[in-house]
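Each remark here refers to the structure printed beneath this line.
Just so it is clear, none of the values below were taken in a lab; they were calculated from the coordinates. This one's a predicted model, so the numbers in the text were calculated from it and none came from an experiment. Every residue, glycine among them, receives a Cβ derived from its backbone with ideal geometry; neighbour counts consider all protein chains shown.
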Amino acid sequence: MARPMEPAIKLKPGVTKWDIRQKVWDYMEEKNLANFPRPVHHRIPNFKGAAQAAEKLPSLQEFKSTWIVKVNPDKPQENVRLLVLETRKTLLVPTPRLRTGLFNKIVPPPGASKETLRVCSTAQGVKDFSVPVRLDAKVHIDLVVVGSVAVSKEGWRIGKGEGFADLEYSMMVSMGSIDEDTVVVTTVHDCQLLDIPEELMDDHDLIVDYILTPTQVIRTDCKRSKPQGIIWSKVDSEMMKKIPILKSFHFKEKQEGKDVTLKDERCVYTKEMIRKGATTTLMEKHPLGMAGNCNDCEKQTEFDSKRQFNPPGRVTTVYMGNIPRGMRVSELKNILRDHNAVPLRLNWQGAQHRAFLDYQDEKTAEAVVTSLSGLSLSGSTIRVELANKKRDNRLRSQTNVHVN
């Protein structure tokens, strides 16, 4: 196994996941290190040398002994999918954005030539030559290949921020399709190897066992556990609507007696306190008492250093302008979480390239402005300031997006 080279991109202390994504995307664009589709921002980059990275997969003993391989559908892993088909292994590919199921099995025509297999490995081929795999199917996946925006030699992986690879893995655990012996591999450009701080990793983040680049094969020997199943406390109602198959897993695990309380259902009491503008200390009045078992209160609501709620009349709004065209509200939510700037309410006006963030008091709002100052997204410097009340009332629409 090759010894990792010195990272091309240096990270400063206090960096967030979103900072890392932005640095990688900007660097790859600046150095012209990616192929179509461009720009690479908000994507798993289709890095130059993806074919050479894929060619290193057969050197792994874990690949030689595998029968069923699940590969993500992104462009840079197209050569991995072709290689799996050429070696006559079973190829599973996740359905786009998990809308209609978890994954499909690619079934090439009988006697398919190499050129036909190449077509089967493309995004269009995945649509034309696949059959859905039922959620109750008894499938054991031996090896998983994922794309990454950044990865460290320790195995810490950062995706594009939508969480699909992490969620897919967790669903496969719930299905019983993978176990502790299932190997996870990622293919990336050498510049995507960074010294990612371990403290950025959460318990739902997928860890990789091998990193393949155009020049290296790195075994991470990661001791950290991979996701052990769907963490329902991180799933909200909005996600359930966007990914209907989650309802099947939710029903199944509820029948098994597991705690499947969603993120935005976990503390009705706290939300009621906010609605009423309560000012009493949370832990003194919380039904769970001073035991502090309801960790979700601190994660889902904003309160000051004394953990006291402020009256709703003191809400202060932060204005964000110059938001890049095409950015999704889910991406903005991830950025705010990474910068510890989760608002009480988020008023999204993507078509006008702006958003309004409500915070419980002026002090909190000012801290957010400082935290987000100088933020650059897709080459655009974001304008962040306390909102002018008159302009705020004039520009706001009636639709709010609640961020939990």
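Laid out as a table, the results:
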| item | result |
| --- | --- |
| Taking I9, I335 and counting other C-beta atoms within 10 Å, the order from fewest to most | I9, I335 |
| Estimated FRET transfer efficiency when R0 is 45 angstrom, pair K247-T381 (beta carbons, to 0.05) | 0.65 |
| Fewest-first ranking of E78, E256, using other Cβ atoms within 10 Å as the exposure measure | E256, E78 |
| Gyration tensor verdict on the stretch 315-395 (Cα atoms; rounded if a/c is under 1.5, prolate if a/b is larger than b/c, oblate otherwise) | oblate |
| The stretch 29-72: chymotrypsin sites (Phe, Trp or Tyr not before Pro) in DSSP loop, at most 14 other beta carbons within 10 Å | W67 |
| The stretch 315-395 - percent relative contact order, Cα under 8 Å, separation 6 or more | 42 percent |
| Trypsin sites (Lys or Arg not before Pro) lying in DSSP loop within the stretch 146-254, provided at most 11 other Cβ fall within 10 Å | K223 |
| For the stretch 9-27 and the stretch 169-248, distance of Cα centres in Å | 19 Å |
| Extended-chain gain in nm, criterion 0.36 nm per residue less alpha-carbon gap, R134 and T122 | 2.1 nm |
